[in-house]
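*Asks:* There's a structure below that I have some questions on.
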Ligand SMILES: [Zn+2]
């Protein structure tokens, strides 16, 4: 799991330290990747860059950005790439988080990824503007993202909850069409942004739920489309994170989530429940399957 952690002069490194401790305490169950990022802007918030650098020195796994909150978004993108290069870290931005397609920060991210030869190490999240453009524009952007090696993460619950607030009817869904970008070779994933906070007051952190929600929003009902949704919460995010031993294969770590279903598309269509998970061959969590209490077959407890 990759998680974004806010760093700025008000919160300091407190969140980073807390999540770092969580990462160590739960290493037996999950590999946590900490992405430090300036939620409130970088150029407009003196002291933030020093804190980001301190977090990178203290072991942050990668660095993110949030250019739409910055008074100088392009300079933020340039600075984040500079820090990433200094510490040899991957980059993961949240950006283009509205429905105005007249400008996009992803252009600058693609430029920087190409200039620094950072392709395959860069991801952008939300990118809801991509839901507000026509096919041809989307195709062109898909090709540019694929060429630059920039991956896309769609955050369906948050994007659906927050976009289109200016409309009182015929409300746009505001969720980027990740499945269309897959055809251009863009590495796309579906994930959660906020869970149970004012920006997304729902959720249980289930990625199967996100795959199902996305399929519903994007109206993907065929088996191969549902399989693609499963890929976007399994193999594709593994690729986005450059994991080397992901998947069921001889020699790979036995990191497994067993779902109660007969195949991949049923998992997405039926919101299959996890029965158990394993890390490195050791069971880490289990979830009892439901039991039917037919009349006459069980006692009153
Ligand atoms: Zn976000």
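*Asks:* Among the numbered criteria (1) surrounded by fewer than 22 Cβ atoms within 10 Å (Cβ to Cβ); (2) within 16 Å of the ligand (Cβ to nearest atom); (3) under 19 Å from the mean Cα position of the chain (by Cα), which one does residue 73 miss?
*Replies:* Checking residue 73 against (1) surrounded by fewer than 22 Cβ atoms within 10 Å (Cβ to Cβ); (2) within 16 Å of the ligand (Cβ to nearest atom); (3) under 19 Å from the mean Cα position of the chain (by Cα), the one that fails is (3).
*Asks:* Could you give me the residue pairs with C-beta distances under 6 Å whose first residue belongs to the stretch 79-102 and is touching a residue at least 40 places away in the same chain (Cβ under 8 Å), whose second residue is more than 16 Å from the ligand (Cβ to nearest atom) wherever it lies, and which are 6+ apart or on separate chains?
*Replies:* 90/121; 99/132
*Asks:* Mind checking whether some residue in the stretch 25-48 is surrounded by 22 or more Cβ atoms within 10 Å (Cβ to Cβ), over 26 Å from residue 176 (Cβ atoms), touching a strand residue (DSSP E or B) at 6+ places or on another chain (Cβ under 9 Å) and modelled with pLDDT of 95 or more?
*Replies:* Yes, there is a match, as at least one residue in the stretch 25-48 is surrounded by 22 or more Cβ atoms within 10 Å (Cβ to Cβ), over 26 Å from residue 176 (Cβ atoms), touching a strand residue (DSSP E or B) at 6+ places or on another chain (Cβ under 9 Å) and modelled with pLDDT of 95 or more.
*Asks:* Given the condition over 21 Å from residue 240 (Cβ atoms), without any contact (Cβ under 8 Å) to a residue 12 or more places away in the chain and within 16 Å of the ligand (Cβ to nearest atom), answer yes or no: does some residue in the stretch 49-67 qualify?
*Replies:* no
*Asks:* With the structure loaded, tell me whether residue 202 is surrounded by fewer than 22 Cβ atoms within 10 Å (Cβ to Cβ), part of a helix (DSSP H, G or I) and within 16 Å of the ligand (Cβ to nearest atom) or whether it fails that test.
*Replies:* So residue 202 does not fit the description; no.
*Asks:* Oh, and also: Tell me the helices (runs of 4 or more DSSP H) entirely within the stretch 78-195 that contain at least 3 residues that are away from the ligand (no atom under 16 Å from the Cβ). Outline the logic, then answer.
*Replies:* Working: elements: 106-115, 135-148, 156-162, 178-182.
Result: 106-115, 135-148, 178-182.
*Asks:* For residue 190, state whether it is without any contact (Cβ under 8 Å) to a residue 60 or more places away in the chain, on the phi < 0 side of the Ramachandran plot and out of contact with any strand residue (DSSP E or B) (no Cβ under 7 Å at 6 or more places or on another chain).
*Replies:* Criteria not met by residue 190.
*Asks:* Hey, another quick one. Just give me the residues in the stretch 205-224 being farther than 15 Å from residue 162 by Cβ, surrounded by 15 or more Cβ atoms within 10 Å (Cβ to Cβ) and touching a helix residue (DSSP H, G or I) at 6+ places or on another chain (Cβ under 7 Å), in sequence order.
*Replies:* Once the filter is applied, which keeps residues that are farther than 15 Å from residue 162 by Cβ, surrounded by 15 or more Cβ atoms within 10 Å (Cβ to Cβ) and touching a helix residue (DSSP H, G or I) at 6+ places or on another chain (Cβ under 7 Å), the stretch 205-224 yields 208, 210, 211, 212, 214, 215, 218, 220.
The values are calculated or read from the model by the stated rules, or taken from the named source; none is laboratory data. What you see is a predicted model; the values in this text were computed from it and never measured. Backbone-built Cβ (ideal geometry, glycine too); neighbour counts: all protein chains shown.
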